[in-house]
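**Student:** One structure, pasted below without further comment.
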Protein chains: 2
Amino acid sequence: MAATMKDIARRTGLGLATISSYFNGGNVREKNRIKIEEAIEELHYEVNEVARGLKTNATKTVGVVIPELNNVFCAEIISGMEDILRSHGYAAIVCDCRTDKNLEREAVDFLTRKRVDGIINMPVDMTGSHLKEFQRTGKPIVLIDRMIQGLSCDCVLVDNEMAAEKAVTMLVEQEHHKIGLIGGPDEIYTARQRMLGYIKALKKHGIPVDEKLICHGDYTIQGGVQAVEALVKENPDMTAVFVTNYEMTMGAVIGLNEMGVSLPEEISMVGFDNLPFARACRPALTIVSQPTEKIARETAQLMLARLEGKEDLQEPVVRKLQTDIFMGKSIRRQG
Amino acid sequence: MAATMKDIARRTGLGLATISSYFNGGNVREKNRIKIEEAIEELHYEVNEVARGLKTNATKTVGVVIPELNNVFCAEIISGMEDILRSHGYAAIVCDCRTDKNLEREAVDFLTRKRVDGIINMPVDMTGSHLKEFQRTGKPIVLIDRMIQGLSCDCVLVDNEMAAEKAVTMLVEQEHHKIGLIGGPDEIYTARQRMLGYIKALKKHGIPVDEKLICHGDYTIQGGVQAVEALVKENPDMTAVFVTNYEMTMGAVIGLNEMGVSLPEEISMVGFDNLPFARACRPALTIVSQPTEKIARETAQLMLARLEGKEDLQEPVVRKLQTDIFMGKSIRRQG
């Protein structure tokens, strides 16, 4: 028969309160901790975490809802967060909502029923309505990459506007004045921020914004292929292009490759994310590089602080991180 | 106050047995199903899945343990499996064990305590000892990509030996006789199979196997960079190289790029996995392409069949899928 907490109490001579405190992560004297762990070992005691979840109302699981697991930026962040959460005894239930608001809502409802202790979300539905009910439980939510106006919770993101402004400024400084933009879907926060940065850089240098040079992609590889083909076809005078996420960057490289447009002789380019891909390109691609490891760490730490009641601040925390530029050879000086 | 199953019984006029059967995925007449769903809607009934897990002993969760979430092959398969599992009401708890046997064992123990209904594993520890205890619970295990000798369970994998043999044969047919191999770690099943295919192709064509041309990488990007640099340096007469996973393929392209060795003029190459990357390379890379979508589908379906008791076969099922070749322009005819 399976051992119970009472068996551990009997074996160690400690009170049930102490044993219970041990299992729920409370304060237990070092001496007692050792005794309990020896008893666990000897009795082959196994915590029934399902039963525990009922009693403590904590399931030691964190739900993670992201648009695409297949998106390398998402995968890198999850991989990093999971390491940290697991080292604190939390499992992550990862739900990939395929950039679909309905699936995203379903995922959050599903996680709510699973009684997860908190939710980490890279949101697709920017009204945040999918999170409202979960928020009423009083459990923590940490948003990644995209803030939601009107939803009061922690958020970790990068300064996307500044990142785009720096990238476009680099192109302008090499005398490019006809710069295409492959942006993301208008309803996505980061896409809007990166677009603002592009416009800001142009305006600062007195370059008019030309709608014909702006293409709204869908953050996928195939979307990047189509966008670059359309831009090249419609703008024979375009000398450079700025692409605003990794998948579309890969797509743009594929598109130029398959059209036989050479980089940087005919088109200069600044891409986004994924250093190894940038290095594998020929010539190496200049890209905006996001601190995925740091995003993962900050997000996991904020969630843990909220779960363990260690975050003194009552107010939501917004952490804005800076991006880097990796200098490849995909920008050619114009004129 | 939250609605209970009794409230639903009262509202619908149906027996508790029927309501219970509905929630546990049993057979319920269409007419009754509609009544129950209307009542759920009206009463805002929410299933407490934690409590349900205790009663039915089913948690409606499947554990997934993989070496690297950051590995695109893994991410694509998980993304596909999750869609199918979720559409059947199962959540996936994904654990990334960082290609570490100890973390892999911890992950399986963790999932066992969480009382998952089944485990899908792309195994790192090829002795399978990490799965033995879970298997004693009688719950299903499905292995992906790698079979474990002596562990009796379902497995979905590709014919890796044949894939490698075909790739190397293509190079031989273009008169390459000094073909380097960037293989994976010897303890990984797929790595051994791909190595066997390489050797088989050479032997069939009477080409001696030269140890100097074989490099054991570690399935990472950085490993691929180092391996290609070592091979090129030590084998001035090498005319082609076969790389056996995606990350090392990307690494090999980076390595050649940064050494200034041109593809295919100086070195011909066949890589592995990831069609978009192959298309983004300049010139486009010839690769072995694995059917990730099909692997995901077969794995999820096998797991569901076991969970729902629909798999008639008592014996473990092994599904071996075939690979494709994507023809890029990275092979040059020799001589």
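**Student:** Set the Förster distance to 25 Å, then compute FRET efficiency between B:Gln174 and B:Ala230 from the Cβ-Cβ distance, nearest 0.05.
**Tutor:** The pair B:Gln174/B:Ala230 has a calculated efficiency of 0.55.
**Student:** Residues of B:248-260, mean number of Cβ from any other protein chain within 10 Å of their own Cβ, rounded to a whole number?
**Tutor:** 3
**Student:** Run lengths n ≥ 4 of DSSP H only: what is the helix-derived mean residue ellipticity at 222 nm for chain A, with -39500 (n - 2.57) per run over all residues, to the nearest 500?
**Tutor:** -14500 deg cm²/dmol
**Student:** Here is a further query. Sort largest first and round to whole Å: the equivalent ellipsoid semi-axes of the protein assembly as shown, each the square root of five times a Cα gyration tensor eigenvalue. Don't skip to the answer; put the middle values down first.
**Tutor:** Details: eigenvalues 403, 226, 111 Å².
The equivalent ellipsoid of the protein assembly as shown has semi-axes of 45, 34, 24 Å.
**Student:** Still on this model: How would you classify the stretch B:160-290 from its alpha-carbon gyration tensor, with a ≥ b ≥ c the square roots of the eigenvalues: rounded for a/c under 1.5, else prolate if a/b is greater than b/c, otherwise oblate? Please list the in-between numbers first.
**Tutor:** Working: a/c = 1.28, a/b = 1.16, b/c = 1.11.
Rounded.
**Student:** Suppose we keep just the DSSP beta bridges with both residues in the protein assembly as shown; what percent of those would be antiparallel, to 5?
**Tutor:** The antiparallel fraction comes to roughly 10 percent.
**Student:** For the stretch B:242-335, which trypsin sites (Lys or Arg not before Pro) pass both filters: DSSP loop (anything but H, G, I, E, B) and at most 12 other C-beta atoms within 10 Å?
**Tutor:** When the trypsin sites (Lys or Arg not before Pro) of the stretch B:242-335 are filtered for loop state and at most 12 Cβ neighbours within 10 Å, B:Lys310, B:Arg333 remain.
**Student:** For A:Met195, B:Met81, what ranking results if the residue with the fewest other Cβ atoms within 10 Å of its Cβ goes first?
**Tutor:** A:Met195, B:Met81
**Student:** Placing +1 at every Lys and Arg Cβ and -1 at every Asp and Glu Cβ, with all other atoms neutral, what dipole size does chain A have around its Cα centre, in debye to the nearest 20?
**Tutor:** Details: 41 positive and 47 negative charges, 202 e Å.
That gives chain A a dipole magnitude of about 980 debye.
**Student:** If you take the beta carbon distance between B:Ser129 and A:Glu37 as r and set R0 to 25 Å, what does 1/(1 + (r/R0)^6) give as a FRET efficiency, to the nearest 0.05?
**Tutor:** After rounding, the FRET efficiency stands at 0.65.
**Student:** Oh, and also: Anything over 29 Å Cα to Cα? Flag those among B:Lys6/B:Lys31; B:Lys200/B:Lys329; A:Lys294/B:Lys233; A:Lys132/B:Lys60; A:Lys329/B:Lys166, in the order listed. The partial results should precede the final answer.
**Tutor:** On the way: B:Lys6/B:Lys31 19 Å; B:Lys200/B:Lys329 25 Å; A:Lys294/B:Lys233 36 Å; A:Lys132/B:Lys60 25 Å; A:Lys329/B:Lys166 36 Å.
Correct reply: A:Lys294/B:Lys233; A:Lys329/B:Lys166.
**Student:** Normalising by the residue count of chain B, find the relative contact order in percent from Cα pairs under 8 Å and 6+ residues apart. Let's see the in-between values first.
**Tutor:** Working: 593 pairs, mean separation 53.6, N = 335.
Value for chain B: 16 percent.
**Student:** Just to confirm the numbers: B:Asp109, label point 7 angstrom along the Cα-Cβ line, distances to the other copies in nm, shortest first?
**Tutor:** Label-point separations across copies, in nm and ascending: 3.8.
**Student:** Okay, moving on. I need to check one value: relative contact order of the stretch A:84-207, counting alpha carbon pairs closer than 8 Å and at least 6 residues apart, in percent.
**Tutor:** Averaging sequence separation for qualifying contacts and normalising by length gives 19 percent for the stretch A:84-207.
**Student:** Rounded, prolate or oblate: pick one for the stretch B:101-209, where a ≥ b ≥ c are the square roots of the eigenvalues of its C-alpha gyration tensor, a/c under 1.5 means rounded, and failing that, prolate if a/b is larger than b/c, else oblate.
**Tutor:** Verdict is prolate for the stretch B:101-209.
**Student:** Just want to confirm a number: the relative contact order over the stretch A:160-290, from Cα pairs under 8 angstrom separated by 6+ residues, in percent.
**Tutor:** Reported relative contact order: 24 percent.
**Student:** Where the only charges are on Cβ atoms (+1 Lys, Arg; -1 Asp, Glu), what is the dipole of the protein assembly as shown about its Cα centre, to the nearest 20 debye?
**Tutor:** Using Cβ point charges on Lys, Arg, Asp and Glu, the protein assembly as shown gives about 1560 debye.
**Student:** Next question, about the same structure. Determine, for A:Asp210, A:Asp218, the number of other Cβ atoms within 10 Å of each Cβ, and report the residues in order from fewest to most.
**Tutor:** A:Asp210, A:Asp218
**Student:** Now for a separate question. Could you pull the copy-to-copy label distances for A:Thr127, with points set 7 Å along Cα to Cβ, in nm to one decimal and sorted shortest first?
**Tutor:** 5.7
**Student:** Give the nm distances, rounded to one decimal, from B:Ser21 to the matching residue in every other copy, measuring between label points 7 Å along Cα toward the beta carbon; shortest first.
**Tutor:** In nanometres, ordered from closest: 5.1.
**Student:** Rg and Dmax of chain B, Cα atoms, in Å?
**Tutor:** Just the Cα atoms of chain B yield Rg and Dmax of 24.6, 84 Å.
Laboratory data are not the source of any read-out in this text; all were calculated from the coordinates shown. Computed from a prediction, not measured in an experiment: that's the story for all the values here. Neighbour counts are summed over all protein chains in view; Cβ atoms, including those assigned to glycine, are modelled from backbone coordinates with ideal geometry.
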